[in-house]
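Below is one structure, written out as structure tokens; the observations come after it.
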Amino acid sequence: MKLLRLIANLGYGSRKDVQRMFRDGRITDPRGVPLDADATVPHAKIRLDGEPLDPPPGFTLMLHKPVGVTCSTHDVGRLVYDLLPPRFRLRRPVLSSVGRLDRDTSGLLLMTDDGALLHRIIAPKSHLPKVYEATLAQDLRGDEAALFAAGTLRLEGEATPLAPAHLEVLDARRVRLTLTEGRYHQVRRMFAATGNRVTTLHRSRIGGLALGDLPEGRWRALDADDLARLWGLERGDDGTGGPPMPAC
Ligand code: URA
């Protein structure tokens, strides 16, 4: 792809803006020699103001989403895009959230411009485990782990029962829940079905990929090892030290 289009598609500016960058000699090779807008140059060999470019398409990042931020391109209030460099919002192909976290849920959110990867992750048949920590308004009843593991719980308004889910009780009002599907407001609705209410909800892990010590509101690009880790979670090793995943 010609440099002009490549750089505009990364969101650095309109074609006109990028043409100006070329005219001003801001786009160079690693030795500082200006490049031509019509040239085709390997991504790693391009510099803008002496800095390497953002990653090319096929870009996936993880974000530590804070509470109060919405997974949307156009909503009122703070959006996940406000936590990223502004040009990320202008990238083509578009950088999208992989599934959603509610506005009131914090934790691990993936974003990617790779449509095939996005669909692979969110496809019901991926069975990719997602691990949530929740605090509850009331003490647990005691039968929630068995109820969620049974694979028979039907959420209000839904025809098909939920897949078995693994509940680890941390204390009377704190739990770790591992789901292998992603229905609308699923965790909150599961506890609502037991007469309880989720007061805080945080996602700490998707597949073998953990949020780790990424600070709230910060993001980092994923590399090939991260993506391998995403799919690499073995049953019985959800990385939380908990008991094995339920067979689904
Ligand atoms: N379940 C919920 O209820 N909310 C989320 O954001 C994710 C899972």
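The values are calculated or read from the model by the stated rules, or taken from the named source; none is laboratory data. Computed from a predicted model, the values in this text were never measured in an experiment. Using ideal geometry, Cβ is built from the backbone for each residue, glycine included, and neighbour counts are taken over all protein chains shown. Surface areas here come from the heavy atoms of the whole protein model, side chains and all, with no ligands, DNA or RNA. Shrake-Rupley method; radii C 1.70, N 1.55, O 1.52, S 1.80 Å.
Tabulated results
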| item | result |
| --- | --- |
| Per residue, in Å², the accessible surface of the chain once ligands and nucleic acids are set aside, probe 1.4 Å | 51 Å² |
| Cβ-based charge dipole, the chain, positive-most Cα from Ala210, Val131, Ala37 | Ala37 |
| Along principal axes, Cα extents of region 129-206, largest first, whole Å | 31, 27, 19 |
| Share of pairwise Cα separations in region 3-52, more than 14 Å, in percent | 41 percent |
| Hydrodynamic radius (Kirkwood) for region 1-146, which is based on Cα pairs only, to one decimal in Å | 17.9 Å |
| Largest-first principal axis extents, alpha carbons of the chain, Å | 69, 38, 34 |
| Within straight-line cross-link reach of Lys130, lysines at Cα separation under 17 Å, skipping those fewer than 8 residues along the same chain | Lys65 |
| Rounded Å value of the spacing that divides the Cα centres of region 163-207 and region 11-49 | 48 Å |
| Rounded percent of accessible protein surface that carbon and sulfur make up, the chain, 1.4 Å probe | 52 percent |
